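The values are calculated or read from the model by the stated rules, or taken from the named source; none is laboratory data. Small disclaimer: the values here were computed from a predicted structure and weren't measured. Because the Cβ atoms are built from the backbone with ideal geometry, glycine has one as well, and the counts that use them run over all protein chains shown.
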Amino acid sequence: MAQRVNQDGTKAAVSSFGRAVLAVLVCIFFVSGCGYRFSPGGDWIDSGIRTIFVDNIVNSTSEPFVEVYIRNGFEEQFRKSPRFRLAGSRETADAILKGSISALSSTYVAYDRYDKATESRAVMVLDLVFEERGTSRKLWSVANFTGNEGYRVDQANPSVTAMNKQAALQKLSSDMAEKAYRNLMSGF
């Protein structure tokens, strides 16, 4: 432990912990003032783009309805957006979000003491493009955008497992749409 001398000449102990806390606070102060910030409002997108159409998502997998879950997730994100409005058709939109589900798989990730699966994980891969309608100019895109969600497996009741999987796919779709929307709005 280091010592410091007070103004009255007495010595006082200075802990390493106190110096570490002070160093962290100074770093936070300088980093927060560096000017770096996210642009979650979509400021980088041309202000003339106000209406968005979420096109049908291409489902290249054998899992039914998952493209509907993804599209619904994106429509919900744009519906909540103060920056954009949803367009009723491609023709009335300023920009179009389109994409495809390139892969969807499920693998067992947990087992009981009898080596029977108790949990599975769904992994989905999307390719997305956000483009200006009139010019087809690509404004933003992402390939191999991946997300995953776990769900319980009930070996004794396959219909419960199927319901759990559908609920997991719906949550995964919503979560991926939210994350992709945030990336789009931030320009990442």
- Item | region 172-188, residues that are surrounded by fewer than 17 Cβ atoms within 10 Å (Cβ to Cβ) and not acidic (Asp, Glu) | Lys179, Arg182, Asn183, Ser186, Gly187, Phe188
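Restricted to region 63-94, and to residues that are among the aromatic types (Phe, Trp, Tyr) and not in a helix (DSSP H, G or I), which residue is farthest from Phe130 (Cα to Cα)? First the steps, then the outcome.
Going through region 63-94, the residues among the aromatic types (Phe, Trp, Tyr) turn out to be 65, 69, 74, 78, 84.
Still in the running and not in a helix (DSSP H, G or I): 65, 84.
Details: Phe65: 22, Phe84: 13 Å.
Ranking the qualifying residues of region 63-94, first place goes to Phe65.
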- Message: Take the conditions surrounded by fewer than 17 Cβ atoms within 10 Å (Cβ to Cβ), assigned by TED's automatic domain parsing to the domain that holds Ala162, assigned to a strand (DSSP E or B) and not aromatic (Phe, Trp, Tyr) and apply them to Glu119. Does it pass?
- Response: yes
- Inspect region 160-167 for any residue being among the small types (Gly, Ala, Ser), modelled with pLDDT of 95 or more and not in a helix (DSSP H, G or I) and give the result as yes or no. no
- Are there any pairs with C-beta distances below 6 angstrom linking a residue in region 126-154 that is within 30 Å of Asp115 (Cβ to Cβ) and free of Cβ contacts under 8 Å to residues at least 12 places away in the same chain to a residue that is not aliphatic (A, V, I, L, M) and not in a strand (DSSP E or B), with the two at least 6 apart or on different chains, and if so which? Asp154/Thr161
